[in-house]
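For reference, the structure is listed below as structure tokens.
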Amino acid sequence: MKKIYAIGVLLLLSACTKNFEEINTDPNTATTVNPQYLLSTALVKTAYPYQNEAFLDKPAEAARYITKVRNEGDDLFGWAGKTWDGYYGALTYNKTFHDLAASNGMLQYTAISDIIKVFNFAYITDLYGDIPYSEALLSKDSSIVHPVYDQQEDIYSSLLATLTAANDTLAANTQTIDADYDLLYGGVALNWRKFANALHLRLLLRMSKKSATAYTEMQHMLNNPGKFPLFESNSDDAGLRYLGVNAIDSWPGGNLNSKATEIDKYKPSKEIVDTLLRLNDPRLPVWAAPVSSTTGYTVDANLYVGVPNAISSPYDYNGGETHISKMAPIFYANQSDLLKASMMTYAEQCFILAEVVQAGKVTVSGETAASLYNKGIAASLDAYGISATAKAAYLAQASVQYNGTLAQLITQKWIANFLKGAEGWFDQRRTGYPVFVTGPLAAISEIPSRYKYPTTEQSYNLDQYNAAVTRQGADEITTKMWYLK
């Protein structure tokens, strides 16, 4: 009897395990993910946070675009350690996208992922200097939990090589990019190549003071436009639209992300407003609102009044709220055709080329420094809907006409980069232009050069943190990173 029972149990177990995986697989749940499904999220996790910081965080104040009149600690440059978890979080997601594409032999997506990777890593090293790079993102695959801080010089070299390879891969590859998931360029590989090469120029200019080959590499790219296509108009800009449907895809100042009273803390800086007034710039009313009262002011009678940075009681400046400009209405909207999560623009590329041509370092076929300068201004004006008549009048002014000085060129580039990433700040610390006033209450007497490392690094990665500080310099916001020394 026991024998018959045992045989019955064995037969039952055999029946239960036969086709076990097939029986227990939910036909309605995907077990694999196509790489293209991750592309849109990799873009969103990159572009939107980058733009948010340009409006609501330290880069906006370091570039003198914004003055905070409440909770103004950042405005005073008393910057503490800044977490980089969000930046590396975006890179982790992008790595998943890359690895999945690679495992499926989808080279079009590995190349795009590499461009996104370069953009993110470049931003992190531009903010901090030496950072975890070669051993970053390897805690899961290689159990590396204390990644080394790579030197910025080595990081830049690797990033530039990665951009070259991505451009070459997209040029040779015939695999289709799914337009439905490519929120940036709708599946057009050529536009991705243009972005990669424009970004390449940005990084080469950034490191040009310390690199013996930066200008040579630029000239090589410019001599081979078929191999290295660049932005040709505003339609090539690397800017992600805001849909304004939910908080994630809405402009950070819109009501889906923030109440109007919160955005009221952010005022146009006196630096930018006064410059736009001096130049009779038609972009001023696009970016700033007129004061609500022209009587009772204390120091500034203009219709547009920016607030100085790092002053006592900035909310009371010029007689208070009714006598200082708010941000223009578009910055309170969830979306606007004039606002994108901007990673790089054609206007910026024009100014990059104008600067190096003006310096006599490279030549651009059919162009002069003056023509590139004018194209940069015109592209920015066009992007904000300025009429052809107003554009012509602006360019014709003596104060705007090209005069061959770096101060003028960088000032116009700074204006064009208004709230478009950290570029206004990065150019100012690189060139010294525009010349900013730090403010009477500022904790330091100069514009910051970097972020301090996250405070958690001294707990979780102390040895590597100490090695980076010993090599780069004190972990202070005034310490110059490699390409600024």
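The values are calculated or read from the model by the stated rules, or taken from the named source; none is laboratory data. From a predicted model like this one, the values you see are computed outputs, not experimental measurements. Cβ placement follows ideal geometry from the backbone for every residue including glycine, while neighbour counts extend to all protein chains displayed.
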With (1) in contact with a helix residue (DSSP H, G or I) (Cβ under 8 Å, 6 or more places away or on another chain); (2) farther than 25 Å from residue 407 by Cβ; (3) at pLDDT 95 or above as the list, and residue 260 as the residue in question, which single condition is left unmet? (3)
Taking the stretch 181-190 as the region of interest, how many residues are assigned to a loop (DSSP other than H, G, I, E, B), without any contact (Cβ under 8 Å) to a residue 60 or more places away in the chain and on the phi < 0 side of the Ramachandran plot? 2
Can you go through 202, 193 and tell me which one is closer than 21 Å to residue 361 by Cα, assigned to a helix (DSSP H, G or I), under 22 Å from the mean Cα position of the chain (by Cα) and touching a residue at least 24 places away in the same chain (Cβ under 8 Å)? 202
With the condition kept exactly as written, say whether any residue in the stretch 144-167 is touching a Lys or Arg at 6+ places or on another chain (Cβ under 6 Å), under 30 Å from residue 340 (Cα atoms), surrounded by 19 or more Cβ atoms within 10 Å (Cβ to Cβ) and in contact (Cβ under 8 Å) with a residue 40 or more places away in the chain. yes
Only listed residue being modelled with pLDDT of 95 or more, within 18 Å of residue 201 (Cα to Cα) and assigned to a helix (DSSP H, G or I), chosen from 97, 119: 119
Is the stretch 392-411 home to any residue that is over 26 Å from the mean Cα position of the chain (by Cα), under 21 Å from residue 202 (Cα atoms) and not in a loop (DSSP other than H, G, I, E, B)? no
Out of the stretch 275-303, which residues are in a loop (DSSP other than H, G, I, E, B), of a type outside the set (D, E, K, R) and under 19 Å from residue 63 (Cα atoms)? 279
Taking the stretch 258-286 as the search range and keeping residues that are over 18 Å from residue 64 (Cβ atoms) and without any contact (Cβ under 8 Å) to a residue 60 or more places away in the chain, which one is farthest from the chain's Cα centre (by Cα)? 261
Taking the condition of being in contact (Cβ under 8 Å) with a residue 40 or more places away in the chain and not in a loop (DSSP other than H, G, I, E, B), how many residues in the stretch 325-360 meet it? 21
